[in-house]
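Presented below is the structure to which this report refers.
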């Protein structure tokens, strides 16, 4: 998959080099269709999406209604929509963690069943193939899997830093966590400035941020889920090393309430200027350059998240997927697919990026847009996408996340040692898989 | 026998001062955070995040909440107003009648215990487990995405508290008054309308205010049974609590905007109830 | 009845209808509540009971039910977080409700003493329950913010150490309780205030003439008269406290550790986020059992308190 990605990026770069006006290609003709309704959340990238929808209506004459829903209500509405007789929505926007429930429950129609000629353009980023579903393996993969969704938005986390503080202290962007800690020794001066902030709040917050450390140390939650081996490996020595490193960074660089920081708190600390470095989700970038929301406009830079000195560079995906519910008449499904086809085209994606959203085509990233200062994070984003992967890609994902979200937090706040936390997590997770009939097992427990 | 308001309980001077001081303190503590929220609504997000006390005020948040493309706040307020007023009136009527019936007429213990017990059990069930079946039911009936579905469910949700509250207030009315009226040839309906209800007026107002507020602020059912056009104020305000951060400045403005119509409607409703009751009252 | 153009006859016809309404008043005053409650609640609650003893899975777009009470029971007994949630909830409910009742009743008595401005004070007191719950959680989170929140700003200005309101396991639950108290004191106040308004003046006058002190008047006369209202306020506030969700969801998400895990939050995670419908339904029933137990204990304590007067 990495090779495919590299070829795609290379092709895009070459294509853009030899056809400088490729972005101004003709609008895609998708035909006339009845109006559709999309379930979508209000989010930082909603503005861009709305602009693109308006463009769609102008160019094709097909009408689109957007039901903007609070994020906290998205899953509920999506579930209700597919469990009734007829879905009130033609496209549902699903967070990556919810997709498996919908794929496996048979609630959505594979996109190629609606129109066999539909395919994701090869420039569209793969996002860990979260849009595919292989029902036999119960895994999201294009190998033997059907295309179920297309991505309207994808996120990874960046490592961000204040380039003005770096210049004063004579630092350079770090490649490893050890370098980050070294930077902290110069930058961390509580209570005025914190060296580095990242999420530590119980739940999805700490799970997501910690998994960068986990990936960095080559640890995994299960041995080989894709091939059905759900032996729990969360309490491996590598995972313990990852947790210890995470706690070390938090202690040496972070505020006293590191165990209560959510993404909003991290953004707050960075945009008020109180934090010198941080790990933040790409979706939050717009905050930093908005004078109404930030005291450090133009002073924040992004690079890929560092790796441990003895590890590999990590990137955990968190993307949205749009699916077509099953309980719809055919013409509505076709209309939804027409929008998808139009949306994924190069001109639409460019308009999308210009509207303030994160595009999903690699050629949009590689285009001249990347040269504008407000898109200075494109490089880091694209680089991370080339090695990004999905985590928790199984039906029990939500339960596993809640176990991890609790145990990691308990280790961070010092309620238990990292060894004990991981052992407890492993025990709970093994129980979850066992109850669901997976082939599972455990590693020998870590020293506590 | 005098009954009712104007209880300027004549307590001694120093006690009065202490009482007044405590009252001022309590009101300050209660109102303080609300004033703070109102203050935040005039700040830019960065000023909120830094907790700045010195800042240049702006109306941008109100503009964004009320007039921006993605926000149909005026429509949401209208929806909330309709649903809250309708469900409050209905729940007061249905609940008060039921409460009076249970209080006044000798229903068998089995029936009254079953009904009251069921209301309590229903009140104990977490709402989140009920919205699923309600969605399915209302969708089948074609009432999904209408305000009617919300009105009906809100009435049901507020019914237990209204019934119990009105029963407590009816119980406070001395029996002799009603007995005397009936001996004088007053009919049951008249006894209710002209005697019991005016005497229980404070309870009616309290129940009405609570039912109105609960309906106005109800989120789970409103989220499930509505879509963009029929969404109510809590759903609209929740849009500012996004996946990764809260848009505090707009949320503060939205909260303030949400409070004002509710206060206005309650003040009007209260006056209406009081006037209506005093018209029919026989003191 | 045949249509009679004579006015007296029309009055007689109307009198007949009113008469019928009067005779059947007993029934039609009670029926709407029964019907509404029955129609809207019977199916969901029966559904819940059914779910509690089943395992619900979704295959091919449809729900597949299988009878599996043991599985749900086992899930409940093996739940590592449930014990902490129950303890936290018990503490939360007892402390929060006790504070709300005490403050609410006290305020109602105080406000009743005012000659003027009662309506204004009452309107001011309603404000906390008027703010949308999601805004309450977000705003208090801002106020509790360690670096920039109002409380720590005040503390540091006074020279004290900032408090880790939401990040310390020892303080977090107290912080959540404070928000709840602020949010719900108006509820108790409203009910009690209405009840105090209904207290007959002459009884108090008589007591004063007999030389009773204000404290005695309050304790011996007013409070017993307020007993039914206190009972209802306690009942509903107690039940509602068990369902407290919005505050803790937005403020802490149950953390740090399990220090603010409440059963309603845990139910949300199990039933909704994890989509374990069977176990979630059983958990709801367990919550109801908890509430019933609490109410029985509270009632026994209440009657004990009343009889020691």
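Residues satisfying the criterion are present in region B:237-246 (criterion: within 8 Å of another protein chain (Cβ to nearest Cβ), in a helix (DSSP H, G or I) and surrounded by 24 or more Cβ atoms within 10 Å (Cβ to Cβ)). Residues of region C:142-153 include at least one that is assigned by TED's automatic domain parsing to the domain that holds residue C:237, in contact with a strand residue (DSSP E or B) (Cβ under 9 Å, 6 or more places away or on another chain) and under 24 Å from residue B:234 (Cα atoms).
You will find that of C:82, C:77, the residue that is more than 24 Å from residue B:158 (Cα to Cα), within 14 Å of chain A (Cβ to nearest Cβ) and free of Cβ contacts under 8 Å to residues at least 60 places away in the same chain is C:77 and no other.
The rows are residues; the columns are (1) within 21 Å of residue A:429 (Cα to Cα); (2) at pLDDT 95 or above.
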{"residue": "A:176", "(1), (2)": "no, yes"}
{"residue": "A:186", "(1), (2)": "no, no"}
{"residue": "A:225", "(1), (2)": "yes, no"}
{"residue": "A:241", "(1), (2)": "yes, yes"}
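With respect to the stated conditions, residue A:103 fails to be at positive phi and crowded, with 24+ Cβ neighbours inside 10 Å. Against the test of being surrounded by 20 or more Cβ atoms within 10 Å (Cβ to Cβ) and closer than 30 Å to residue B:42 by Cα, the options B:158, B:76 yield a single qualifying residue, B:76. When residues in region A:272-292 are screened for being out of contact with any helix residue (DSSP H, G or I) (no Cβ under 7 Å at 6 or more places or on another chain) and assigned to a helix (DSSP H, G or I), 3 of them pass. Filtering A:400, A:360 for residues that are within 11 Å of chain C (Cβ to nearest Cβ) and buried (at least 23 other Cβ atoms within 10 Å of the Cβ) leaves a single hit, A:400. Of the helices (runs of 4 or more DSSP H) lying entirely inside region C:1-107, the ones with 2 or more residues being at pLDDT below 95 and over 30 Å from residue A:396 (Cβ atoms) are found at C:7-28, C:31-52. Considering region C:137-160, the residues that are assigned to a loop (DSSP other than H, G, I, E, B), without any contact (Cβ under 8 Å) to a residue 60 or more places away in the chain and more than 9 Å from chain B (Cβ to nearest Cβ) include one that is surrounded by the most Cβ atoms within 10 Å (Cβ to Cβ), namely C:146. If you filter region A:186-205 down to residues that are within 9 Å of another protein chain (Cβ to nearest Cβ) and crowded, with 24+ Cβ neighbours inside 10 Å, you find that the one that is nearest to residue A:391 (Cα to Cα) is A:205.
Identify the residue in region C:64-74 that is within 12 Å of another protein chain (Cβ to nearest Cβ) and surrounded by fewer than 13 Cβ atoms within 10 Å (Cβ to Cβ) and, among all such residues, is nearest to residue A:107 (Cα to Cα).
Applying the filter and picking the extreme gives C:64.
Residue by residue, here is whether (1) within 30 Å of residue A:63 (Cβ to Cβ); (2) part of a strand (DSSP E or B); (3) out of contact with any helix residue (DSSP H, G or I) (no Cβ under 6 Å at 6 or more places or on another chain) holds:
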position: A:270; (1), (2), (3): no, no, yes
position: A:294; (1), (2), (3): no, no, no
position: A:313; (1), (2), (3): no, no, yes
position: A:319; (1), (2), (3): yes, yes, no
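Counting only helices (runs of 4 or more DSSP H) that fall entirely inside region C:172-251 and contain at least 2 residues that are farther than 30 Å from residue C:264 by Cβ and in the same structural domain as residue C:85 (by TED's automatic domain parsing), the qualifying elements are C:172-197, C:201-209, C:223-242.
Within region A:112-124, the set of residues being assigned to a helix (DSSP H, G or I) and crowded, with 17+ Cβ neighbours inside 10 Å comprises just one member, A:114. Taking the condition modelled with pLDDT under 95, in a helix (DSSP H, G or I) and surrounded by fewer than 20 Cβ atoms within 10 Å (Cβ to Cβ), does residue B:137 pass? In short, yes.
Every condition in (1) under 30 Å from residue A:87 (Cα atoms); (2) in a helix (DSSP H, G or I); (3) facing another protein chain (nearest Cβ under 8 Å) holds for residue B:151 except the one numbered (3). Residues in region B:100-110: is at least one within 18 Å of the chain's Cα centre (by Cα) and in a helix (DSSP H, G or I)? Checked region B:100-110: no residue is within 18 Å of the chain's Cα centre (by Cα) and in a helix (DSSP H, G or I). Checking each residue in region A:416-445 for being under 24 Å from residue C:76 (Cβ atoms) and touching a strand residue (DSSP E or B) at 6+ places or on another chain (Cβ under 6 Å) picks out A:426, A:429, A:430, A:433, A:438, A:440, A:442.
Being touching a helix residue (DSSP H, G or I) at 6+ places or on another chain (Cβ under 9 Å), surrounded by fewer than 20 Cβ atoms within 10 Å (Cβ to Cβ) and either away from chain A (no Cβ under 13 Å) or free of Cβ contacts under 8 Å to residues at least 60 places away in the same chain (or both) holds for only one residue in C:111, C:93, C:59, and it is C:59.
No other residue among C:134, C:163, C:176 is within 12 Å of chain A (Cβ to nearest Cβ), over 21 Å from residue B:38 (Cβ atoms) and modelled with pLDDT of 90 or more apart from C:163. Filtered by the rule that a residue be within 30 Å of residue A:298 (Cα to Cα) and outside any strand (DSSP E or B), region A:125-164 gives A:125, A:127, A:156, A:163, A:164.
The single condition among (1) under 17 Å from the mean Cα position of the chain (by Cα); (2) in the same structural domain as residue A:277 (by TED's automatic domain parsing) that residue A:184 does not satisfy is (1).
Considering (1) surrounded by 19 or more Cβ atoms within 10 Å (Cβ to Cβ); (2) farther than 29 Å from residue C:181 by Cβ; (3) within 7 Å of another protein chain (Cβ to nearest Cβ); (4) modelled with pLDDT under 95, the lone condition that residue B:2 does not fulfil carries the number (1).
Of all the criteria given as (1) in contact (Cβ under 8 Å) with a residue 12 or more places away in the chain; (2) surrounded by 23 or more Cβ atoms within 10 Å (Cβ to Cβ); (3) more than 23 Å from residue A:182 (Cβ to Cβ), the one not satisfied by residue A:268 is (1).
The values are calculated or read from the model by the stated rules, or taken from the named source; none is laboratory data. For clarity, every value in this text was computed on a predicted model and none was experimentally measured. Cβ: placed from backbone, ideal geometry, glycine included. Neighbour counts: every protein chain shown.
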